[in-house]
Amino acid sequence: MNSRIIILGIISLSVFLVSWSTKPRIFSIGDSTMANYDTVKFSGVNEQRGWCQLFPEFLKSDVEIINSARNGRSSKSFYYEVWTKLRNQLNPGDYVFIQFGHNDEKNNGLDTDENDTTARGTAPYGQYSFFLQKYAKEARDRGAIPILFTPVVRRYFENQHLTPKAMHNLSINSEKDSSLNYVSAMKKVAVDLSVPLVDLTSSTQQLVETLGPEKSKEIVYVVNDDTHLKQEGARRFAYQAVISLKALGLLKSELK
């Protein structure tokens, strides 16, 4: 009788451990527009949030999100400072949300010294593409599922429309030249590696332009700049990501 109870206990424990280990997990890597912020320190006139901080509002309760995005990081600096350790935590079936671009522009669209692991600047079709590929390939090596997210827009308006720079295109003649276009570079990586891509640049552009210069500042962007997000702005950007993921047929079991 006692041995039977022990065996049943072991079976129950095994079932529990299996169910615990297969809990859906999402890792997010990126910059300050994606990161978590202290809700006390960054409140009132200092209110600031990243869109992945609000993303759990759209997830089912059994889904765990590990938001590892960091302020000031580019695809290059994040790789050396965070990713080389973080990737070892990935399990088969985990998702990895990848969004970089804002800080990659720090060197005016040029690559930095490849031996400088703290440098942030990258060229769209140079180190930027190189590191995006590394994230995707190394996530897959761990059995995880990478998803690329093009960077959210800045609030740079001209004649009621966002400028090319607001949409991460530093090309002088943006209509004919895409050599300094971070969004198009990410899209090429997605095609080359068959990685799912969410075009957050396009969807957040539409949202911000619909709101207009004044209303978008009031609702979306922080007081001190035109890049970082208030809570409502982060929530609305997160919702744009949800709409796109659903349209792509991704995270069907994880999203509300």
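Could we say that Phe16 is outside any loop (DSSP other than H, G, I, E, B) and at pLDDT 95 or above here?
When the stated conditions are applied, Phe16 does not pass them.
Checking Lys41 against (1) of a type in the set (D, E, K, R); (2) under 26 Å from Asn224 (Cβ atoms); (3) in contact (Cβ under 8 Å) with a residue 24 or more places away in the chain: exactly one of these is not met. Which one?
(3)
Considering (1) at negative phi; (2) touching an Asp or Glu at 6+ places or on another chain (Cβ under 9 Å); (3) not hydroxyl-bearing (Ser, Thr, Tyr), say which one His168 fails and leave the rest.
Unmet condition: (1).
I'd like to know if the range 163-181 contains one or more residues that are among the acidic types (Asp, Glu), free of Cβ contacts under 8 Å to residues at least 40 places away in the same chain and over 30 Å from Gly44 (Cβ atoms).
Taking every residue of the range 163-181 in turn, at least one turns out to be among the acidic types (Asp, Glu), free of Cβ contacts under 8 Å to residues at least 40 places away in the same chain and over 30 Å from Gly44 (Cβ atoms).
If only one of Asn71, Asn107, Asn91 is closer than 21 Å to Leu200 by Cβ and either out of contact with any Pro (no Cβ under 8 Å at 6 or more places or on another chain) or not hydrophobic (A, V, I, L, M, F, W, C) (or both), which one is it?
The conditions single out Asn71.
With a cut-off of at least 3 residues that are surrounded by fewer than 22 Cβ atoms within 10 Å (Cβ to Cβ) and modelled with pLDDT of 95 or more, name the strands (runs of 3 or more DSSP E) lying wholly within the range 50-158.
The strands (runs of 3 or more DSSP E) meeting that bar are 64-67.
Residue by residue through the range 207-229, note down the ones that are in contact with a Lys or Arg (Cβ under 7 Å, 6 or more places away or on another chain) and in contact (Cβ under 8 Å) with a residue 40 or more places away in the chain.
Within the range 207-229, Val208, Ser216, Lys217, Val220, Tyr221, Val222, Asp226, Thr227, Leu229 qualify.
What is the number of the single condition among (1) surrounded by fewer than 18 Cβ atoms within 10 Å (Cβ to Cβ); (2) modelled with pLDDT of 95 or more that Thr201 does not meet?
Evaluating Thr201 over (1) surrounded by fewer than 18 Cβ atoms within 10 Å (Cβ to Cβ); (2) modelled with pLDDT of 95 or more leaves (1) as the failure.
Would you check if Leu193 is touching a Lys or Arg at 6+ places or on another chain (Cβ under 9 Å), farther than 17 Å from Gln240 by Cβ and modelled with pLDDT of 95 or more?
So Leu193 passes the test.
Only one residue in Gln89, Gln133 is closer than 23 Å to Gly249 by Cα and in contact (Cβ under 8 Å) with a residue 24 or more places away in the chain. Which one?
Sole residue among the options that is closer than 23 Å to Gly249 by Cα and in contact (Cβ under 8 Å) with a residue 24 or more places away in the chain: Gln133.
For residues that are in contact with a Phe, Trp or Tyr (Cβ under 8 Å, 6 or more places away or on another chain) and closer than 14 Å to Pro151 by Cα, tally how many sit in the range 187-206.
The number of residues fulfilling the criteria is 4.
Just to verify a result, which residue in the range 206-220, among those that are surrounded by fewer than 18 Cβ atoms within 10 Å (Cβ to Cβ) and of a type in the set (S, T, N, Q), is nearest to Ala123 (Cα to Cα)?
Gln206
State all residues of the range 30-63 that are touching a helix residue (DSSP H, G or I) at 6+ places or on another chain (Cβ under 9 Å) and acidic (Asp, Glu); if no residue qualifies, say none.
Asp31, Glu47, Glu57
The values are calculated or read from the model by the stated rules, or taken from the named source; none is laboratory data. Everything quoted here is computed from the prediction, not taken from an experiment. All Cβ positions, glycine included, derive from the backbone under ideal geometry; neighbour counts span all protein chains shown.
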